[in-house]
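Worksheet for the structure shown next.
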Amino acid sequence: MNRTIAIIAVGLVAGFASYRLSFTRPDPVAAGSSIDSELRWMKAELHLTEAQLHQLKALHEASEPRLRALGLQVAQLQQEFAAIEDRRRQQGEVDFLKLGRFVEARRHIRAESLAFSRQLVLASADVMDADQRQRYLGFVSTAIPLSPDSIR
């Protein structure tokens, strides 16, 4: 009986700790990994030509400023949520108007991020031939919904 309680307690503590870390720890900077390494992987996996590789690199480099801006907005939202959560813990109250604005902003940023990612994926796929496109879309469709109806 005591062992069961101890296992449940450890599980709850570990779950709570991971939950808290997910909101307080900043995300690793995506810019730390070079787009060149990702493109090298794509070239090898999809058998891209040098011309296709250059087109994809230009496309992704042109998208980088918008992706960085979206990343900054996500980081700002994480800070806002941390402030709401801190106030809830310290004062025992929730500013529901602020929480509502946060939820709406998060929904908007998520939809914008998904739409932009979808646009980048489809533009990248246009650079590829039919076989490459099919394999590429198979890879990315597990992470990014490709139908406009799924972006909400």
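Rule-based calculations on the coordinates, nothing more; no lab input. This is a predicted model, so every value here is computed, not measured. Quick reminder, even Gly has a Cβ in these numbers, built from the backbone with ideal geometry, and neighbours come from all protein chains shown.
Quick rundown of the values:
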read-out: A111 in contact (Cβ under 8 Å) with a residue 12 or more places away in the chain and under 30 Å from L53 (Cα atoms); value: yes
read-out: Pair list, Cβ under 9 Å, 6 or more apart: the stretch 126-141 residue under 18 Å from E50 (Cβ atoms) and touching a residue at least 24 places away in the same chain (Cβ under 8 Å), other residue among the hydrophobic types (A, V, I, L, M, F, W, C) and not in a helix (DSSP H, G or I); value: V127/L48; M128/L48; Q132/L48; Y136/M128
read-out: Subset of the stretch 32-72 [of a type in the set (S, T, N, Q) and assigned to a loop (DSSP other than H, G, I, E, B)]; value: S33, S34, T49
read-out: Of all residues making up the stretch 43-63, the number that are surrounded by 13 or more Cβ atoms within 10 Å (Cβ to Cβ) and not polar (S, T, N, Q); value: 10
read-out: Qualifying residue in the stretch 91-110 (condition: over 21 Å from Y136 (Cβ atoms), surrounded by 14 or more Cβ atoms within 10 Å (Cβ to Cβ) and of a type in the set (S, T, N, Q)); value: no
read-out: Residue among L56, L77, L39, L67 that is of a type outside the set (G, A, S) and farther than 19 Å from A123 by Cα; value: L77
read-out: Qualifying residue in the stretch 76-88 (condition: assigned to a helix (DSSP H, G or I) and under 20 Å from I35 (Cβ atoms)); value: no
read-out: Some residue of the stretch 67-80 being basic (K, R) and surrounded by 14 or more Cβ atoms within 10 Å (Cβ to Cβ); value: no
read-out: Near pairs, Cβ below 7 angstrom, 6+ apart or cross-chain, from the stretch 66-77 (more than 16 Å from Q119 (Cβ to Cβ)) to any residue that is in a helix (DSSP H, G or I); value: G71/A30; Q73/I109; V74/I109; L77/F102; L77/A105; L77/R106; L77/I109
